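Quick one: this structure, given as structure tokens, is what I'll be asking you about.
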């Protein structure tokens with residue numbers, strides 16, 4: 001089933017409104033899942049609508065919560081999502097974060113009590129679009145063991161970063177601090193395939209290639225003790241620091257409903273113009289030399305595949321599988 | 001040769017003053033190298049004095065530069081080290097960074113034009129001591145290839161983080177984004193030992209276990225493309241963003257003198273009290289549960305070995321090898 005991006009947008013909006021989301025939430029969620037599908041990040045695309053509706057049915061997300069904004073300090077804005085999906089809270093906090101970063105050079109946005117499934121790059125790009133440098137962190141639900149241990153403490157705890165480039169797609173990365181996404185292990189299980197050694201351990205802490213055993217046990221962090229340290233940092237700064245849940249607490253809150261995870265998120269924005277003043281142009285040109293040095297030797301910048309997919313999708317639309325299209329159609333009935 | 005920490009302090013101060021450093025610089029450098037020796041981070045201990053003196057003789061560091069402070073924006077302070085070692089610049093900027101973080105919730109300190117050899121944890125702990133959360137980033141000299149490439153673009157580009165804990169040593173990590181420190185490869189070369197496959201590539205981009213070949217070629221980043229993305233982020237935010245050199249530029253600036261690297265550094269401080277207000281105590285207790293969950297399963301928190309060494313060194317002093325002691329004594333003549 002081939003659909004243009006605007007057809008995809010209509011389709012998603014209709015489903016969410018039919019399922020009882022307020023227009024503001026339906027709009028925010030749709031922007032995110034259409035962007036995911038457009039960039040061929042299928043696991044963050046329209047497929048997510050299935051989980052979104054399940055989460056609503058499980059009573060684990062509000063369909064119409066209105067975010068509550070508090071300007072916590074000169075350089076901090078906090079948005080309480082009040083149990084809704086994160087998109088509307090992010091949208092409400094974004095202009096204040098941008099203003100604070102431009103006024104003060106660096107600022108932070110904390111989102112609390114949100115249900116979060118968005119890829120962080122989607123948020124990061126809204127800051128690089130404004131000429132700002134951005135960082136984002138969020139815990140999820142415990143499924144990843146610390147290095148040297150075997151019991152889940154961390155979520156997949158992604159870290160994302162963006163750097164604006166004049167006239168070019170921004171330099172953006174967004175990766176899980178787990179060695180692999182949970183979804184990849186689930187795909188192996190469904191396909192009856194073994195997973196590579198090193199992705200996780202069974203419930204007794206033994207390294208395993210059995211996807212079911214690892215899903216019951218724990219995934220590992222990427223990069224050994226360094227990745228594990230970063231995962232702990234994400235827990236701390238996007239959990240207790242902002243008064244929100246750790247991944248262990250978020251899993252408990254889920255009560256086995258397998259809903260999309262509820263927790264907080266921390267974003268940091270920096271304004272290069274505050275750091276560089278009149279010298280901005282000269283110094284940002286040196287960043288371009290860095291990118292050239294990477295690409296001229298055949299190495300890739302992150303997100304390039306995503307930007308290529310975006311161009312294709314804008315030109316010729318996207319393909320939804322018949323089974324996904326049919327599952328989504330059923331949500332309109 | 002066993003010395004108490006105060007004997008070590010006297011010894012380092014005398015050497016630096018004898019070599020022509022101003023008292024302020026000698027004091028700052030001594031604090032750093034004594035702390036390194038005390039925590040048994042020998043590569044950041046008194047051994048560094050040899051490289052410090054070589055760097056001075058090569059004309060690549062100022063012995064008496066006075067740092068120049070500019071309050072760039074409400075939440076940014078910039079300190080120009082004017083070609084001196086970083087310690088004095090950090091010390092000058094620290095109280096302003098702390099004040100800005102306390103007033104605004106988040107703030108940044110950029111240090112420019114410094115020669116930098118300090119372990120970042122030493123700076124991070126001075127922020128956690130004040131109850132602040134801290135991040136630090138610095139490039140170095142190009143010796144690390146981006147994932148998928150084989151030519152040096154990045155330095156070892158460390159990332160450090162600290163989280164204060166009431167009545168306990170802080171949660172601190174400080175690691176290179178290269179798979180291993182350059183010094184470890186040099187130690188293998190001197191000992192005539194092979195290095196493990198995966199540490200680096202030769203000049204043609206072939207994986208190699210020959211330390212000399214990798215030192216001429218390039219080291220790899222830790223954690224594949226994720227570590228490589230982080231290394232690029234460090235280049236950007238502690239290089240062009242603050243108007244300072246990338247690792248490639250820093251290596252050119254060195255002109256083959258093998259001096260300690262000159263470049264910039266970015267520190268970010270966050271004040272939990274601004275984020276949490278009256279709820280601070282309750283939320284920081286949840287961070288303690290996270291640490292308990294990690295340690296109860298036998299996994300370690302970072303920096304614990306360092307804190308244990310610190311206790312030992314405070315009680316019974318430290319041991320300098322005869323050859324290091326004799327090399328250092330020669331700097332007093």
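Relative contact order for chain A: what is it in percent, counting Cα pairs under 8 Å that are at least 6 residues apart?
22
With runs of 4+ DSSP H residues as the only contributors, calculate the mean residue ellipticity of chain A at 222 nm using -39,500 (n - 2.57) per run, divided by the residue total and rounded to the nearest 500.
On the way: 13 runs with 148 residues, N = 333.
Value at 222 nm, helices only, nearest 500: -13500 deg cm²/dmol.
With an 8 Å cut-off on Cα pairs and a minimum separation of 6 or more residues, tell me the relative contact order of segment B:16-114 in percent. Walk me through the intermediate numbers first.
Working: 152 pairs, mean separation 23.0, N = 99.
Relative contact order, segment B:16-114: 23 percent.
Something else: Give me a single rounded figure for B:218-224: the average over its residues of other chain Cβ atoms within 10 Å of their Cβ.
Whole-number average of other-chain Cβ neighbours for B:218-224 is 3.
With each label point set 7 Å from Cα along the Cα-Cβ vector, what nm distance links residue B:54 and residue B:258?
So the two model labels end up 0.5 nm from each other.
Sticking with this one: Quickly rank B:52-58, A:131-137 as a protection proxy: mean count of other C-beta atoms within 10 Å, highest first.
Ranking the peptides B:52-58, A:131-137 by packing returns A:131-137, B:52-58.
Right, next: Given the C-alpha centroids of segment A:100-119 and segment B:76-102, what is the distance between them in whole angstrom?
Using only Cα atoms to place each centre, the spacing works out to 26 Å.
Follow-up question, since we're still on this one. Hey, how many Å between the Cα centroid of segment A:1-31 and the Cα centroid of segment A:252-274?
The two parts, judged by their Cα centres, are 22 Å apart.
Can you give the mean number of other chain Cβ atoms that lie within 10 Å of the Cβ atoms in peptide B:260-268?
Across the residues of B:260-268, the mean count of other-chain Cβ atoms within 10 Å is 1.
A further question on this structure: Given a cut-off of under 8 Å on Cα pairs at least six residues apart, what relative contact order in percent is computed for segment B:123-184?
Numbers: 114 pairs, mean separation 18.9, N = 62.
Rounded, it is 30 percent for segment B:123-184.
Let me ask something else. Just grab the label-to-label distance for residue B:316 and residue A:296, each label 7 Å out from Cα along the Cβ direction, in nm (one decimal).
Between residue B:316 and residue A:296, the label points sit 5.5 nm apart.
If you take each beta carbon of peptide A:235-248 and count the beta carbons of other chains within 10 angstrom, what is the mean?
Mean shielding by partner chains, rounded to a whole number: 6.
Highest mean first, how do A:235-245, B:78-88 rank when packing is the count of other Cβ atoms within 10 Å averaged over residues?
A:235-245, B:78-88
Continuing with the same structure: Post the alpha-carbon centroid distance, segment A:215-231 to segment B:184-234, in whole angstrom.
Each part's Cα centre sits 23 Å from the other's.
Read-outs: derived from the displayed coordinates by stated rules, not from any lab. Owing to the predicted nature of the structure, the values given are computational and were not obtained by experimental measurement. Neighbour counts run over all protein chains shown; Cβ positions are idealised from the backbone, glycine included.
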